[in-house]
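So the structure is just underneath, and the comments pick up after that.
Nothing in this text is a laboratory measurement; each read-out follows from the coordinates by a stated rule. If you're wondering where the values come from, they're calculated on a predicted model, not measured in any experiment. Using ideal geometry, Cβ is built from the backbone for each residue, glycine included, and neighbour counts are taken over all protein chains shown.
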Ligand SMILES: [Zn+2]
């Protein structure tokens with residue numbers, strides 16, 4: 001499932017062919033994904049210019065010259081393919097992302113000024129798109145309750161201190177709460193807690209102070225490194241199976257149950273526990 005760094009990588013891949021460019025044609029190939037496609041999808045998009053392509057949490061937001069914003073979510077298995085029919089369009093695309101998805105799962109198509117065709121392919125159809133007036137963005141249920149971006153200035157130890165004060169849930173669960181910080185998912189929470197030496201079982205209310213001062217930069221670093229690695233991985237992957245690029249070679253704990261801790265081979269193996277139905281990976285020696 002794509003997390004923030006993967007969505008940011010997708011945004012960076014799409015920006016050169018979409019940002020500042022007119023949508024010459026748009027269509028949806030079925031009425032719905034997780035939710036119905038917006039009414040008059042093609043009509044409302046065709047002819048408008050994508051002024052700015054932004055990411056907020058795990059949402060892609062295309063702000064349009066028509067005064068509307070197109071929100072896109074990748075769900076579990078959604079991905080974008082860029083078809084570049086000529087050399088000029090290929091040069092505009094930083095990479096051709098995830099080519100060769102099964103065409104029967106191509107659910108939305110955007111023909112862009114400049115010649116690129118952007119295709120949204122989603123076999124499991126947990127992804128979705130929404131279209132609303134940009135000036136009513138704050139009222140959208142998808143966006144209204146979100147906490148600050150983890151890579152933005154608003155996300156600071158002071159913010160985390162205030163958000164965690166008195167919270168009686170494990171820190172792992174608190175960091176997955178999108179109202180506290182937006183877009184953090186299971187993988188990067190596990191990795192950041194390991195880097196910060198904080199047990200995922202520790203009560204959230206015990207984090208403010210020294211621990212949150214330690215945690216915030218680690219959250220930023222692990223996400224930034226994954227975004228940097230994402231672009232590289234995607235290029236490599238696109239040549240082979242078209243899968244979404246992940247930061248997997250750099251994981252210290254995630255998915256490494258029973259393997260030795262990367263910090264110190266004398267630590268016991270990495271352990272997996274289940275918290276609120278989701279796997280947590282951690283090193284009991286490194287993380288207290
Ligand atoms: Zn360790």
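Points to keep in mind about this one:
- Cα-based helix-to-principal-axis angle, 210-239 vs the chain, degrees rounded to 10: 40
- Taking the chain and dividing mean pair separation by its residue count, relative contact order in percent (alpha carbons under 8 Å, at least six apart): 17
- Using the Cβ-Cβ distance between residue 264 and residue 214 with R0 = 25 Å, the FRET efficiency computed as 1/(1 + (r/R0)^6) comes to roughly 0.85.
- Compactness of the chain - radius of gyration and Dmax, Cα, Å: 20.2, 62
- Summary of packing: across the peptides 277-288, 257-268, 12-23, the per-residue average of other C-beta atoms within 10 Å ranks them, highest first, as 12-23, 277-288, 257-268.
- Debye equation applied to the C-alpha atoms of the range 124-217, log10 I(q)/I(0) at 0.17 Å⁻¹: -0.75
- Computed [θ] at 222 nm, deg cm²/dmol, the chain (DSSP H ≥ 4; -39,500 (n - 2.57); rounded to nearest 500): -9000 deg cm²/dmol
- Relative to the longest principal axis of the Cα atoms of the chain, the long axis of helix 186-196 lies at roughly 40 degrees.
- For the chain, the longest principal axis of the C-alpha atoms and the axis of helix 4-18 are separated by about 20°.
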